[in-house]
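J.: Shown below is the structure under consideration.
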Amino acid sequence: MGYALATEAAARGWHVDLVTGPVNLTAPPGVRVLPVVSAKDMYAASETLFEACDLFIAVAAVSDYRPKVFSKQKQKKQGGAVLLELVPTVDILKMLATRKRPGQVVVGFAAETEDVEAQALRKLVEKKLDWVVANDVSRATIGMNADDNAVTLLGADGSRQAFGPAPKAEVAKFILSGIALKSL
């Protein structure tokens, strides 16, 4: 979905920086791509760009946790169970949204598997977003690893617009048009 949004934004003549984890997708034409591997790298790249941007859209479903201990060496079997301790990653969207300047628009995605709209509304309020895109990722035919998507665009002003299922390129047009109509 991030690549579809970047492609559509560039087609509208917007300057687009795409911070992306490892994917098997071609870079959209006219888009500056900043590849990252970890949530920490994604935060660093996003933080650098955030202050100068007018519109920040956080599409990525970044892991909420990472291993507490990282080893550059292969861990050998030593018999018995291994306990993997996880610690929270930085909440990129929440951290950046707290630094939002007047006129800057911040949009998040809520990729959820249950109570999708309720979880999205919680995220909208909790993270002080202007918009959140509620995205049901429990269905194999839409969302992640699918060509189509169905979303509900929820605004801090109480607006609600549903769209799809449709190809991600069309969903991207819907999202950017909905945001631009009321925000930019």
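J.: Among the listed residues LYS127, LYS173, identify the single one that is open to solvent by 50 Å² or more (accessible area, probe 1.4 Å) and in contact with a helix residue (DSSP H, G or I) (Cβ under 7 Å, 6 or more places away or on another chain).
T.: Answer to the check: LYS173.
J.: Let me ask you something else. Filter segment 51-70 down to the residues that are over 14 Å from the mean Cα position of the chain (by Cα) and open to solvent by 70 Å² or more (accessible area, probe 1.4 Å), then identify the one that is modelled with the lowest pLDDT. Give the derivation first.
T.: If we filter segment 51-70 for residues that are over 14 Å from the mean Cα position of the chain (by Cα), which is where we start, we get 51-54, 65-70.
When the remaining residues are screened for being open to solvent by 70 Å² or more (accessible area, probe 1.4 Å), the result is 51-52, 54, 65-66, 68-70.
Numbers: GLU51: 93, ALA52: 94, ASP54: 95, TYR65: 91, ARG66: 89, LYS68: 92, VAL69: 89, PHE70: 85.
Selected residue: PHE70.
J.: Out of the residues in segment 131-146 that are more than 13 Å from the chain's Cα centre (by Cα), small (Gly, Ala, Ser) and within 14 Å of THR113 (Cα to Cα), state the one that is most open to solvent (accessible area, probe 1.4 Å).
T.: ALA140
J.: Considering every residue within segment 20-29, establish whether at least one is within 17 Å of PHE56 (Cα to Cα) and assigned to a strand (DSSP E or B). Spell out the reasoning first.
T.: From segment 20-29, those within 17 Å of PHE56 (Cα to Cα) are 20-21; that's our starting set.
Narrowing further to those that are assigned to a strand (DSSP E or B): 20.
Yes, segment 20-29 contains a residue that is within 17 Å of PHE56 (Cα to Cα) and assigned to a strand (DSSP E or B).
J.: Determine whether THR48 is among the hydroxyl-bearing types (Ser, Thr, Tyr), open to solvent by 70 Å² or more (accessible area, probe 1.4 Å) and assigned to a helix (DSSP H, G or I).
T.: The answer is yes for THR48.
J.: Only residues that are farther than 19 Å from SER46 by Cβ, at pLDDT 95 or above and open to solvent by 40 Å² or more (accessible area, probe 1.4 Å): list them for segment 8-28, please. Quick ask: steps written out before the conclusion?
T.: Just the residues of segment 8-28 that are farther than 19 Å from SER46 by Cβ, to begin with: 8, 11-13, 24, 26.
Now drop any that are not at pLDDT 95 or above, which leaves 8, 11-13.
Scanning segment 8-28 gives ALA11, ARG12, GLY13.
J.: If you scan segment 53-97, which residues turn out to be in contact with a Ser or Thr (Cβ under 9 Å, 6 or more places away or on another chain) and either among the basic types (Lys, Arg) or assigned to a loop (DSSP other than H, G, I, E, B) (or both)?
T.: ALA60, VAL62, SER63, ASP64, ARG66, THR89
J.: Still on this model: If you take the residues in segment 148-170 that are of a type in the set (S, T, N, Q) and under 26 Å from PRO28 (Cβ atoms), which one is least open to solvent (accessible area, probe 1.4 Å)?
T.: ASN149
J.: I would also like to ask the following. From the residues in segment 147-172 that are part of a strand (DSSP E or B) and within 17 Å of the chain's Cα centre (by Cα), which one is farthest from ARG122 (Cα to Cα)?
T.: Among those residues, the one meeting the criterion is ASP148.
The values are calculated or read from the model by the stated rules, or taken from the named source; none is laboratory data. Predicted model only: the values in this text are computed from it and were never measured. Note: ideal-geometry Cβ built from the backbone for every residue, glycine included; neighbour counts use all protein chains shown. Surface accessibility is based on the protein's heavy atoms, side chains included, excluding ligands, DNA and RNA. Shrake-Rupley method; radii C 1.70, N 1.55, O 1.52, S 1.80 Å.
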